[in-house]
Every structure is written in C-alpha cells, then in structure tokens.
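The values are calculated or read from the model by the stated rules, or taken from the named source; none is laboratory data. Quantities reported herein were computed from a predicted structural model and do not represent experimental measurements. Note: ideal-geometry Cβ built from the backbone for every residue, glycine included; neighbour counts use all protein chains shown.
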Amino acid sequence: MALAATTTTTTDSRIARRGALGRTAYGILALLLLIAIVLEVGTHGTGYWQLALLGFGPDLALFLGAGSNLEKGQLHPRAVRLYNLVHRYWLPLGLITLASFDLLPLGYFIGGLAWCFHASLDRALGYGLRTRDGFQRP
C-alpha cells in the first residue's frame, strides 16, 4: 500500500514539474512573440486591425461556450471544437507562412504573430485545450 502511494505521489510531482516547465516555456515564447509584434508594427506601421482581431479573436469561442447548467470553468461542449481549433498554432502559422511569401499582406503576418501570442499566453497562464465535455485538459 505504501509503495502505491509513493508511486502516485512521484508521478503527480513529475506531472506538476512538467506542467510548470511547459508553462514557463510558453511564457518565454509569448514574450518573444510580443517583442516580435512590437518590432514588426513599429517597423512597418501596419497590421493594426489584424493585431486586434487575431490577438483577441480566439476567445470569442468562449461566448459560444457560455450557457447555464455548466460547472465552474466548463465550456459548453458545442464550443469545444472551435475553441480548440483557434487555440492551436496551425492556422496562425499558415497565415504567417502565406504572408512571408507575399501571398497575403504584411498585416496578416503581424496578425498571425498576435494569434500565436494569444495561444502561448493562454497556455503560460494554465489555460490549455479542452476535453470533449468542456473542461481544461490536465
């Protein structure tokens, strides 16, 4: 019985350490992205509406996930897929790539950086992706 408790405690402490390291890494990434955003906007003077829309836009999924009869911190299951989609890096990296090859205006490059910043900051603060029933993934 003591061995099982020790194993569980050791596993829990490893998970907690890994979570803290991950949040720190996301915090550093968010800081680097913020610096890049400030430099790009300062240098080019463009991308203001993309910066605002794509920097704050991913959290619009939270409004779709509001509802009654939900537990504290739970997002309505109807919004989970959208929330998880807009809090991943693939779409903003696609914008950054397209803008890097001049297939989109430079403002979308800045907007993509802002979107990545948003996802990184959320994860640094402990707000990760959601499970099917709308709770934070462990």
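One table, with the values for the structure above:
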{"quantity": "In segment 55-80, the residues that are of a type in the set (A, V, I, L, M, F, W, C) and either under 17 Å from residue 129 (Cα atoms) or touching a helix residue (DSSP H, G or I) at 6+ places or on another chain (Cβ under 8 Å) (or both)", "calculated": "56, 60, 61, 62, 63, 64, 66, 75, 79, 80"}
{"quantity": "Answer residue from segment 98-138, given it is in contact with a helix residue (DSSP H, G or I) (Cβ under 8 Å, 6 or more places away or on another chain) and among the hydroxyl-bearing types (Ser, Thr, Tyr) and is surrounded by the fewest Cβ atoms within 10 Å (Cβ to Cβ) among those", "calculated": "100"}
{"quantity": "Of residues in segment 37-69 being among the polar types (S, T, N, Q) and assigned to a helix (DSSP H, G or I), the one nearest to residue 106 (Cα to Cα)", "calculated": "50"}
{"quantity": "Selection within segment 81-118 - under 24 Å from residue 131 (Cβ atoms) and in contact with an Asp or Glu (Cβ under 8 Å, 6 or more places away or on another chain)", "calculated": "87, 118"}
{"quantity": "Some residue of segment 34-41 being more than 17 Å from the chain's Cα centre (by Cα), over 16 Å from residue 122 (Cα atoms) and either among the charged types (D, E, K, R) or at pLDDT below 90 (or both)", "calculated": "yes"}
{"quantity": "Residue satisfying condition, being closer than 26 Å to residue 21 by Cβ and polar (S, T, N, Q), within set 69, 84", "calculated": "84"}
{"quantity": "Residue under evaluation residue 9, criteria (1) assigned to a helix (DSSP H, G or I); (2) modelled with pLDDT of 95 or more; (3) more than 24 Å from residue 123 (Cα to Cα); (4) not acidic (Asp, Glu), criterion not met", "calculated": "(2)"}
{"quantity": "Pair list, Cβ < 7 Å and 6+ apart or interchain, from segment 79-103 residues that are assigned to a loop (DSSP other than H, G, I, E, B) to residues that are surrounded by fewer than 18 Cβ atoms within 10 Å (Cβ to Cβ)", "calculated": "87/122; 87/129"}
{"quantity": "Condition broken by residue 123, with the remaining ones in (1) within 11 Å of residue 54 (Cβ to Cβ); (2) touching a residue at least 40 places away in the same chain (Cβ under 8 Å); (3) in contact with a Phe, Trp or Tyr (Cβ under 6 Å, 6 or more places away or on another chain) satisfied", "calculated": "(1)"}
{"quantity": "Contacts under 8 angstrom Cβ, first residue in segment 40-67 being without any contact (Cβ under 8 Å) to a residue 60 or more places away in the chain, partner of a type in the set (Lys, Arg), 6 or more apart", "calculated": "64/78"}
